[in-house]
Amino acid sequence: MHQYENVMNELRGRASEGDRSVMKSVELKSLFEEIKLMPADKKAAFGKAMNDFRQELESLLGEEKQEDNRPPIDVTAPWDVNTSYASRPQVTTSLEGSIHPLTAEIDRIIDIFARMGFYVLESRQIDNDYNMFEVLNFPEGHPARDDYDTFMTEEGLVAPAHTSTMQNRILSQNKHLLDEGQPIAFVVPGRVFRNEDLDATHEHTFHQVEGLYVSKGVHAGMLVATLKTYIKEYFAEDLQVKLQPFYFPFTEPSFEMAVERPEILRRDDSEEQRWLELVGCGMINPNVLKMAGIDPNVYTGFAWGFGVERMVMMRNSIEDIRHFNSGKLEFLRQFK
Ligand code: DAH
């Protein structure tokens, strides 16, 4: 008998995997042919053994078939889809869900700028050194590069640390607008990344909204007016703003715009607590215009960049930036 064990085991294996073709296989057939060739005294026992074996295969297949009858599983569902509604775990259904507060706020912000006549273009989440630094007037080795704590791959790709990475692209791709007598006016929302030590006001991943405006005769007064209009609209309140000098390689002059904190958000009456620096901005450096093929003797422009989370935290009195990505429902539900 054992000279047949190998082939029998193979057939058992196939049957237990549910392969129905074993019942009609040449191997099984030839096992039955063997019966005829058996010496008379062994014929009966071998025949019985083969019939038992056939039944064994049938039952292996039968078990498999039962498994096949089990309801299919949706591996993406948080519970077995075939359980009754009553016994499902209580999780949030899509009807109870809501738009993430950051998504909703970014929509609000770009809606304000869109109404002011700005086009909207999202920034990239993977970029290169050229757009992160080079075309923004940070030559290689420029010390200000270090201010940006930029994540980079060994191949030199960059997780952008600011939305300014889109400046050169927007300027060079839209300069035909200037020839047609129209301004280049864009806002750029996007996700940015920095190698930060995390605390209540610092995250490694956050969002910015960049703005760019280029035309003939653009001056710093227009920058201030644009940002003031936006801030008044966003906070729905006529907050005091002040402009203080700052340094960015891609603007000249450069400023920081600080907004007066509403009194309830101040920890004490110090001058420091009174102002919150919210926006980096300035007049676009002539080198940045030149690198995009725009003549800085004919055209001038302003630009800004601000962190969305900070702005949203101030408007909604949120005390910790880490809430945004925490996935905590009690936080998210407040914005429903
Ligand atoms: N990119 C700057 C930052 O992330 C913010 C900024 C400042 C953007 C001035 C601008 C600008 O466009 O003109 O710190």
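The values are calculated or read from the model by the stated rules, or taken from the named source; none is laboratory data. Note that the structure is a prediction, hence the values are computed from the model and not measured. Virtual Cβ from ideal backbone geometry, glycine too; neighbours counted across all protein chains shown.
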Sort out which residues of segment 119-151 are out of contact with any helix residue (DSSP H, G or I) (no Cβ under 8 Å at 6 or more places or on another chain) and in a loop (DSSP other than H, G, I, E, B), and write them in order of number. GLU122, GLN125, ILE126, PRO139, GLY141, HIS142, ASP149
With the requirement that a residue be more than 10 Å from the ligand (Cβ to nearest atom) and either part of a loop (DSSP other than H, G, I, E, B) or among the aromatic types (Phe, Trp, Tyr) (or both), what does segment 152-168 give you? THR153, GLU154, GLU155, GLY156
Long-range neighbours under 7 Å by Cβ, at least six apart or interchain, first residue without any contact (Cβ under 8 Å) to a residue 60 or more places away in the chain within segment 130-148, second of a type outside the set (A, V, I, L, M, F, W, C) and outside any helix (DSSP H, G or I): MET132/THR150; MET132/PRO160; TYR148/HIS162; TYR148/ARG194
With the requirement that a residue be among the polar types (S, T, N, Q), surrounded by 19 or more Cβ atoms within 10 Å (Cβ to Cβ) and outside any loop (DSSP other than H, G, I, E, B), what does segment 240-289 give you? THR251
Please state which one of VAL241, VAL218 is within 16 Å of the ligand (Cβ to nearest atom), out of contact with any helix residue (DSSP H, G or I) (no Cβ under 7 Å at 6 or more places or on another chain) and of a type in the set (Val, Ile, Thr). VAL218
Members of segment 292-320 found to be within 20 Å of GLU180 (Cα to Cα) and buried (at least 18 other Cβ atoms within 10 Å of the Cβ), listed by number: ALA292, ILE294, TYR299, THR300, GLY301, PHE302
Quick one: is ARG191 surrounded by fewer than 13 Cβ atoms within 10 Å (Cβ to Cβ) and under 25 Å from LEU223 (Cα atoms)? no
Kindly indicate whether any position in segment 221-235 is within 21 Å of LEU136 (Cβ to Cβ) and assigned to a strand (DSSP E or B). no
Subset of segment 258-314 that is within 13 Å of LEU239 (Cβ to Cβ) and within 16 Å of the ligand (Cβ to nearest atom) - its residue that is nearest to the chain's Cα centre (by Cα): MET311
With respect to GLY18, determine if the residue is modelled with pLDDT under 90 and of a type outside the set (Val, Ile, Thr). yes
Among the residues of segment 195-209, is there at least one that is without any contact (Cβ under 8 Å) to a residue 40 or more places away in the chain, in a strand (DSSP E or B), in contact with a Leu (Cβ under 9 Å, 6 or more places away or on another chain) and under 25 Å from ASP147 (Cα atoms)? no
